[in-house]
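**Student:** This is the structure I have questions about; it appears just below.
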Amino acid sequence: MSGEARDRIRQFIAARRGDAERFLVELIRTPSDNPPGDCAPHAAKAAALLEGLGLTVERHPVPEPLVRANGMASATNLVIRERFGAGPTVALNAHGDVVPPGDGWSVDPYGAVVKDGWIYGRGAAASKSDFATYAFALLALKSSGAPLGGTVELHFTYDEEVGGAIGPKWLLAEGISRPDYAIAAGFSYEVVTAHNGCLHLEVEARGKSAHAARPETGHDALEAMTAILAALYSLRESFARRRSAVPGIGHPTLVVGLISGGINTNVVPDRVVARLDRRLIPEENGEAAEKEIVACVQAAVKQPGSIAVATRRVMLAEPLKPVPGQERLAEAIARNAEALFGSPIPRHGVPIYTDARHYSTAGIPTVLYGAGPRVFTDANTHRADERVRLDDLAKATEVVALSLCDLLRPA
């Protein structure tokens, strides 16, 4: 790419910085909490804003039975395609659904308050900011006049908080898109090349209720669950020896996050349910991890005739694993980011899971990169006072636009 084209990209982004920030403000001010997952109104708002920028937006409503099966009320996926001629297709994916705000905010979570160079609001970092990053990177690319070969697609989806099955996965399964590369929402100071997977399991212990004055006439489901928890925690200790070879990722983890059950204080509990979160490192397989936990749970029950134990998979998100061709994506982004930020940009894994895995599972080279701070916790993602630095939004937009130029050089 010529220096002249690069200059035009930089000039466009600087000139339109205010527009990009106002675009993000409107997205934050339109709630899209998931749950409850009634996200079609936000998609309608986003589509109108994108069309106001001169982009052609395809609206792909997800059929209601699929939406309901995924625990949501409505979802419409948005796709934008900009063709520059023959060449590869690069998809850029960000999600517009967000976790509910929760307590502890110092500002209105839907107010899009700007202070000290940051914009605050639920979804500011994850990942409404990258609606702006990717849309304005595409606009800058169009303005550059650079000779390009290929297609840029923007995939704006609405089910990341419940697993991505009716977002990116659905777009790919329905043949709506089949990109050659994918860039998914991330942060500005790193290129993520792998991430953990996640298995959610429900474990149920069923016994027999009895009066607390005659506990021997019942079968205590809570006592059985206590043994199950002890076995699970013992298994967790062994995970420290299973280290991932991917920089930035440590070892598998297991957290029991929910426990419920019992009838009353004076009754032997007849049913207790626990839900657990098992994080998978990239070297692991979800099916194998589930079998290990089920075996551990079954072995912990000392009176199998008196206590019935069942497990149910709630969700399985396989890890994001490197796919051949990923290095080209990572190199282009890291090179442009290092030149702009003036510091090394690591290429590593992270111990979270995202929609990006759906692209890599389909054999598409995928990385995570977008607007966000150097330190993950500075964004307050999923916490009160979620935020993104406006300088990082502008710089990430420039990095993405320049990297797309490099990836779409004509043959």
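Residue-wise test of (1) of a type outside the set (A, V, I, L, M, F, W, C); (2) out of contact with any Lys or Arg (no Cβ under 9 Å at 6 or more places or on another chain); (3) outside any strand (DSSP E or B).
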| position | (1), (2), (3) |
| --- | --- |
| 130 | yes, yes, yes |
| 134 | yes, yes, yes |
| 138 | no, yes, yes |
| 141 | no, yes, yes |
| 155 | yes, yes, no |
| 179 | yes, yes, yes |
| 189 | yes, no, yes |
| 229 | no, yes, yes |
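**Student:** Taking region 80-90 as the region of interest, how many residues are on the phi < 0 side of the Ramachandran plot and surrounded by fewer than 19 Cβ atoms within 10 Å (Cβ to Cβ)? Give the derivation first.
**Tutor:** Initial filter on region 80-90 (on the phi < 0 side of the Ramachandran plot): 80-84, 86, 88-90.
This time we only want the ones that are surrounded by fewer than 19 Cβ atoms within 10 Å (Cβ to Cβ), so: 81-84, 86, 88-89.
Residues that pass the stated criteria total 7.
**Student:** Scanning region 157-170 for residues that are part of a helix (DSSP H, G or I) and among the hydrophobic types (A, V, I, L, M, F, W, C), which turns out surrounded by the most Cβ atoms within 10 Å (Cβ to Cβ)? Lay out the reasoning, then the answer.
**Tutor:** Step one: filter region 157-170 for residues part of a helix (DSSP H, G or I), giving 160-162, 168-170.
Narrowing further to those that are among the hydrophobic types (A, V, I, L, M, F, W, C): 162, 170.
Details: 162: 18, 170: 21.
If we take residues in region 157-170 being part of a helix (DSSP H, G or I) and among the hydrophobic types (A, V, I, L, M, F, W, C), then 170 is surrounded by the most Cβ atoms within 10 Å (Cβ to Cβ).
**Student:** From the list 300, 295, 310, 339, which one is outside the structural domain of residue 161 (by TED's automatic domain parsing), without any contact (Cβ under 8 Å) to a residue 40 or more places away in the chain and farther than 26 Å from residue 169 by Cα?
**Tutor:** Working: 300 fails: without any contact (Cβ under 8 Å) to a residue 40 or more places away in the chain; 310 fails: without any contact (Cβ under 8 Å) to a residue 40 or more places away in the chain; 339 fails: outside the structural domain of residue 161 (by TED's automatic domain parsing).
295 is the lone residue from the list that is outside the structural domain of residue 161 (by TED's automatic domain parsing), without any contact (Cβ under 8 Å) to a residue 40 or more places away in the chain and farther than 26 Å from residue 169 by Cα.
**Student:** Suppose we filter 182, 137 for residues that are touching a strand residue (DSSP E or B) at 6+ places or on another chain (Cβ under 6 Å), crowded, with 24+ Cβ neighbours inside 10 Å and of a type in the set (A, V, I, L, M, F, W, C); which single one remains? Let's see the steps before the verdict.
**Tutor:** Values: 137 fails: touching a strand residue (DSSP E or B) at 6+ places or on another chain (Cβ under 6 Å).
After ruling out the rest, the residue left standing is 182.
**Student:** Follow-up question, since we're still on this one. Just one of (1) within 17 Å of residue 93 (Cα to Cα); (2) assigned to a helix (DSSP H, G or I) trips up residue 123, so point out which.
**Tutor:** So residue 123 meets the others, but not (2).
**Student:** Taking the conditions exactly as written (of a type in the set (A, V, I, L, M), surrounded by fewer than 23 Cβ atoms within 10 Å (Cβ to Cβ) and modelled with pLDDT under 95), does residue 173 satisfy them or not? Show your work before the answer.
**Tutor:** Values: of a type in the set (A, V, I, L, M): yes; surrounded by fewer than 23 Cβ atoms within 10 Å (Cβ to Cβ): yes; modelled with pLDDT under 95: no.
Considered against the rule, which asks whether it is of a type in the set (A, V, I, L, M), surrounded by fewer than 23 Cβ atoms within 10 Å (Cβ to Cβ) and modelled with pLDDT under 95, residue 173 comes out as no.
**Student:** Collect the residues in region 375-397 that are surrounded by 24 or more Cβ atoms within 10 Å (Cβ to Cβ), in a helix (DSSP H, G or I) and of a type in the set (Asp, Glu), keeping them in residue-number order.
**Tutor:** 392
**Student:** Next up: Does region 320-327 contain at least one residue that is under 15 Å from the mean Cα position of the chain (by Cα), more than 25 Å from residue 243 (Cβ to Cβ) and surrounded by 15 or more Cβ atoms within 10 Å (Cβ to Cβ)?
**Tutor:** Here is the first cut: in region 320-327, the ones under 15 Å from the mean Cα position of the chain (by Cα) are 320-321.
When the remaining residues are screened for being more than 25 Å from residue 243 (Cβ to Cβ), the result is none.
No, there is no match, as no residue in region 320-327 is under 15 Å from the mean Cα position of the chain (by Cα), more than 25 Å from residue 243 (Cβ to Cβ) and surrounded by 15 or more Cβ atoms within 10 Å (Cβ to Cβ).
**Student:** While we're here: Against the conditions (1) under 32 Å from the mean Cα position of the chain (by Cα); (2) assigned to a loop (DSSP other than H, G, I, E, B), where does residue 213 fall short? Just the number, please.
**Tutor:** (1)
The values are calculated or read from the model by the stated rules, or taken from the named source; none is laboratory data. Predicted model, so just to flag it, every value in this text is computed and none were measured. So basically every Cβ, Gly included, is an ideal-geometry build from the backbone, and we count neighbours across all protein chains shown.
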